[in-house]
Amino acid sequence: MPISPELLEILRCPKCKTELQIDNAQTRLKCLNPDCSLVYPIRDEIPVMLIEEATVEK
């Protein structure tokens, strides 16, 4: 079961509170703030919204 559009609508980056975008494979959520650009993994269909688990992607 993919992440629902309703859930994606309310999720925000824990670091900067900016909107997130899901990738095509639905395995990552990327912060849309260009100054932040953290990418949060999705494991077992659950977004891992921990800053310590995020990677940076410019």
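Just so it is clear, none of the values below were taken in a lab; they were calculated from the coordinates. No experiment lies behind these values; they were computed from the predicted model shown. Note: ideal-geometry Cβ built from the backbone for every residue, glycine included; neighbour counts use all protein chains shown.
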Overall dimensions of the chain as given by Cα atoms, namely Rg and Dmax in Å: 10.2, 31
What relative contact order, as a whole-number percentage, does the range 5-56 give when Cα pairs under 8 Å and 6 or more residues apart are counted? 26 percent
Obtain the nm distance between the two label points defined at Ile3 and Arg43 by a simple spin-label model: each point lies 7 Å from its Cα along the Cα-to-C-beta direction. 1.5 nm
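Helix-derived [θ] at 222 nm for the chain: sum -39500 (n - 2.57) over DSSP H runs of at least 4, divide by residue count, nearest 500? Don't skip to the end; give the middle numbers.
On the way: 1 runs with 6 residues, N = 58.
The per-residue figure over the chain is -2500 deg cm²/dmol.
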Final fewest-first order of Lys15, Lys58 on the 10 Å Cβ neighbour count is Lys58, Lys15
